[in-house]
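The next block holds one structure in the form of structure tokens; read it before the comments.
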Amino acid sequence: MKDLIKYYEVDPAKGIVKLKNRKCPRCGKVMAFHKEVKARWHCGSCSYTEFVR
């Protein structure tokens, strides 16, 4: 259960569960945020990358 809390924000008062990370627009899986070298969102499945400005 603690592992799921890393990926979701839970608001018990409103009954809302929200994903913390972005979803990939290409394949729909969860993307990872990388700070090293250049800040970016990256999908490990399809290699889609969005660079943060």
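Tabulated values for the structure
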read-out	value
Any hit, segment 3-20, residues being touching a residue at least 24 places away in the same chain (Cβ under 8 Å) and either assigned to a loop (DSSP other than H, G, I, E, B) or among the charged types (D, E, K, R) (or both)	no
Tabulated pairs, segment 24-38, first β-branched (Val, Ile, Thr) and surrounded by 10 or more Cβ atoms within 10 Å (Cβ to Cβ), second at pLDDT below 90 and in a strand (DSSP E or B), C-beta under 8 angstrom, 6+ apart or interchain	VAL30/LEU19
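The values are calculated or read from the model by the stated rules, or taken from the named source; none is laboratory data. None of these values were measured; they are calculated from a predicted model. Positions of Cβ are generated from backbone atoms using ideal geometry, with glycine treated the same way; all protein chains shown enter the neighbour counts.
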